[in-house]
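The values are calculated or read from the model by the stated rules, or taken from the named source; none is laboratory data. Here the structure is a predicted model, which means the values were calculated and not measured. Neighbour counts are summed over all protein chains in view; Cβ atoms, including those assigned to glycine, are modelled from backbone coordinates with ideal geometry. Heavy atoms of the whole protein, side chains included, go into the accessibility calculation; ligands, DNA and RNA do not. Shrake-Rupley method; radii C 1.70, N 1.55, O 1.52, S 1.80 Å.
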Amino acid sequence: MPKQEPSFNSKILLFGEYSIIQDSMGLTLPYEEFKGKLTFEQNDLDKEAITKSNAHLVGFADYIAQQLATGSLPIDFDIAAFRQDVAQGMHFHSSIPQGFGVGSSGALVAAVYGKYTRNKVNIDETPKKEEILALKSVLAKMESYFHGSSSGVDPLICYLNLPLLINGKNGVEPVKVEMNNAGKGAIFLIDTGISRSTEPLVKYYMQRMEEPSFREFVDKQLKPFANNCIQAFLDGDKETLFAYMKLLSKFQFEHFKPMIPKLFNKMWKRGIDSGEYYLKLCGAGGGGFILGFTQNFEQTKKQLKGQHIELLCNI
């Protein structure tokens, strides 16, 4: 009987989208609602999806081979075995929606790294900081195939399956996050039903960062807002969290217009104006999921009636 490959969970970047590129803090959590694994199974699966996934893996194998040949990927990776498995029809079977900001490519990269890297980081015990940083760098190089550039954060959390606090390029550490509080408040997801591509959105952001005025907005507003939200969340300080969430939501509404689907503009602004809830991007934005924060989840569900809402955790 063939060995069952492990599944890798999706992730939620709770805070830090875009600002993390400029070395702000970031907080990311595993999200067990969606997961994926490498497999040869074809029974009862979508044949078109299998063919498409396998074709992606062919291109990914070519990319990894090139990176290995140039010395850009400092790992002992069994590229021959990877190519052989792909040639025999291996694909990535996943429930993680693509283009929704919850780590579909991150889980795939984590799975490939975990299966074919001989000197891989052991996930049975919490790795040391130096190991985490080295792993993040490797996974960033691998995931760049899918997005043009990558921080490595998505595949890192998919691989380690631990809440991670990111603090600049050289600060990554596991943190404890209480996900089962009994409060009336909540962090929730809104499914926009819109798939999007990360690369053009990141490209747009990087182009905007070449403007001195926009860069100043990011440095003096976006980064501090995100950092303070993270610190307040980890401290359990709800008053400070919601004060900065309002500022963060307002900043994104004013400066990240292309990342917010037009159908959600009115809803986004209503939350800011009323203070009943605050919305923010989940990942690159442009569609996928939107993150929501509220101090009264039952009331907010009534306000957002008709939207597809998933509870992430109570606060």
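Here are a few things to note about the model shown:
- Some residue of the range 51-59 being closer than 28 Å to ILE132 by Cβ and open to solvent by 70 Å² or more (accessible area, probe 1.4 Å): yes
- Evaluation of LEU189 against (1) out of contact with any Asp or Glu (no Cβ under 7 Å at 6 or more places or on another chain); (2) surrounded by 18 or more Cβ atoms within 10 Å (Cβ to Cβ) (one fails), failing number: (1)
- Candidate set: the range 203-223, residues that are over 19 Å from ILE290 (Cα atoms) and aliphatic (A, V, I, L, M); chosen: the one surrounded by the fewest Cβ atoms within 10 Å (Cβ to Cβ): MET206
- Here the range 290-315 is the region considered, the condition is being crowded, with 20+ Cβ neighbours inside 10 Å and at pLDDT below 95, and the residue that is nearest to the chain's Cα centre (by Cα) is LEU312.
- In the set (1) in contact with a Cys (Cβ under 7 Å, 6 or more places away or on another chain); (2) farther than 16 Å from GLY283 by Cβ, the condition left unmet by SER213 is number (1).
- Enumeration of residues in the range 220-244 that are more than 23 Å from the chain's Cα centre (by Cα) and touching a residue at least 12 places away in the same chain (Cβ under 8 Å): LYS238, THR240
- Residue count, the range 130-150 (criterion: open to solvent by less than 10 Å² (accessible area, probe 1.4 Å) and under 16 Å from the mean Cα position of the chain (by Cα)): 3
- The residues on offer are SER24, SER7, SER19, and the sole one that is under 25 Å from the mean Cα position of the chain (by Cα) and either open to solvent by 30 Å² or more (accessible area, probe 1.4 Å) or hydrophobic (A, V, I, L, M, F, W, C) (or both) is SER7.
- Qualifying positions in the range 180-197 - modelled with pLDDT of 90 or more and of a type outside the set (S, T, N, Q): LYS184, GLY185, ALA186, ILE187, PHE188, LEU189, ILE190, ASP191, GLY193, ILE194
- Criterion violated by GLY148 - all others in (1) of a type outside the set (A, V, I, L, M); (2) closer than 19 Å to PHE8 by Cβ; (3) in contact (Cβ under 8 Å) with a residue 24 or more places away in the chain satisfied: (2)
- Looking only at residues in the range 159-179 that are more than 15 Å from ILE20 (Cβ to Cβ) and open to solvent by 90 Å² or more (accessible area, probe 1.4 Å), the one that is modelled with the highest pLDDT is LYS176.
- Whichever residue in the range 58-78 is part of a helix (DSSP H, G or I) and touching a residue at least 40 places away in the same chain (Cβ under 8 Å) and, among such residues, is nearest to the chain's Cα centre (by Cα): PHE60
- Under the condition of being open to solvent by less than 40 Å² (accessible area, probe 1.4 Å), part of a loop (DSSP other than H, G, I, E, B) and not hydrophobic (A, V, I, L, M, F, W, C), the residues counted in the range 79-125 number 5.
- Filter result for GLY271 (buried (at least 19 other Cβ atoms within 10 Å of the Cβ), more than 22 Å from VAL102 (Cα to Cα) and over 22 Å from the mean Cα position of the chain (by Cα)): yes
- Any hit, the range 224-236, residues being surrounded by 13 or more Cβ atoms within 10 Å (Cβ to Cβ), aliphatic (A, V, I, L, M) and closer than 19 Å to PHE253 by Cα: yes
- Helices (runs of 4 or more DSSP H) contained entirely in the range 200-315, each with at least 3 residues that are over 16 Å from LEU13 (Cα atoms) and charged (D, E, K, R): 238-255, 265-274, 297-303
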